[in-house]
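Reading through the structure tokens given below for one structure.
The values are calculated or read from the model by the stated rules, or taken from the named source; none is laboratory data. This one's a predicted model, so the numbers in the text were calculated from it and none came from an experiment. Cβ placement follows ideal geometry from the backbone for every residue including glycine, while neighbour counts extend to all protein chains displayed. In case anyone asks, the SASA skips ligands and DNA or RNA and just uses the protein heavy atoms, side chains included. Shrake-Rupley method; radii C 1.70, N 1.55, O 1.52, S 1.80 Å.
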Amino acid sequence: VVCDGVGRLGRSDEAATLASRRLATLGTEGVPWAEAFELVNRELHRVVDALAAADPDDEGMATTAVALSVRRRANEWIGEVASVGDSTLWHLSADGQWTVLTGPPDIGADAVYHSSDVVPLPSPDGACERQDVQVKGGALFLMSDGVANPLRWSRDVQDALAEWWERPPDPFVFAAQVAFARKSHVDDRTVVGIWPDDEAR
């Protein structure tokens with residue numbers, strides 16, 4: 001699960017933390033993603049309502065989210081992904097090619113980085129986009145738009161991340177790589193990488 005607080009709402013990082021923990025727990029318990037997103041959405045609404053009652057000037061909270069349940073079958077990843085907003089799931093193939101598997105359409109590098117078109121949680125109904133995942137080989141990456149947008153728009157970023165993440169790096173090296181310098185793009189960055197532990201199995 002990856003969640004990313006939206007915009008400048010005062011408590012959006014808290015929303016992202018709450019949503020990511022609850023979605024991970026519900027997913028581990030086997031709750032279907034559509035139901036899990038609806039439950040988390042209701043919980044976020046309750047928190048927002050309580051904050052507003054305590055402080056009418058509270059700026060509120062909102063978060064995007066992408067959640068994946070996946071397993072290996074021979075050389076394939078088989079699973080299910082659900083998302084709200086612009087956090088995305090990517091596949092890095094064994095030959096170093098990136099494919100985005102979820103998320104909004106690419107509106108190009110010349111568009112504004114922080115789109116007002118993103119519909120985060122909490123939302124009116126907590127609905128998510130859900131789809132099956134079936135891809136061969138390589139690795140999977142859940143990421144916030146702070147990494148996904150430069151990845152979409154820059155061949156240099158695609159090549160560098162493909163080289164760095166062909167195999168799992170040391171966790172501290174991985175954290176530094178996620179924080180790569182990209183001029184004019186300093187949005188929050190979160191990435192979860194999933195590599196097979198043995199390509200032969």
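Only one entry in 18, 39 is at pLDDT 95 or above and either touching a Ser or Thr at 6+ places or on another chain (Cβ under 7 Å) or not β-branched (Val, Ile, Thr) (or both), namely 39.
Within region 1-42, work out how many residues are open to solvent by 40 Å² or more (accessible area, probe 1.4 Å), more than 16 Å from residue 191 (Cα to Cα) and in a helix (DSSP H, G or I).
10
Considering only residues that are among the charged types (D, E, K, R) and surrounded by fewer than 10 Cβ atoms within 10 Å (Cβ to Cβ), which ones fall in region 56-69? Working first, answer last.
The first filter runs over region 56-69 and keeps only residues among the charged types (D, E, K, R), leaving 57-59.
Hit for region 56-69 is 57, nothing else.
Every residue in region 160-195 that is modelled with pLDDT of 90 or more and either basic (Lys, Arg) or at positive phi (or both), please. The one that is modelled with pLDDT of 90 or more and either basic (Lys, Arg) or at positive phi (or both): 167. Just one of the numbered conditions (1) among the hydrophobic types (A, V, I, L, M, F, W, C); (2) at pLDDT 90 or above; (3) open to solvent by 90 Å² or more (accessible area, probe 1.4 Å) is not true of residue 157: (3).
Kindly state which strands (runs of 3 or more DSSP E) lie completely within region 57-130 and contain at least 2 residues that are modelled with pLDDT of 95 or more and under 11 Å from the mean Cα position of the chain (by Cα).
Ranges flagged: 63-73, 76-84, 88-92.
Pick out the one residue from 131, 177 that is of a type in the set (S, T, N, Q) and either touching a residue at least 40 places away in the same chain (Cβ under 8 Å) or out of contact with any Phe, Trp or Tyr (no Cβ under 7 Å at 6 or more places or on another chain) (or both). Going through 131, 177 in turn, the sole match is 131.
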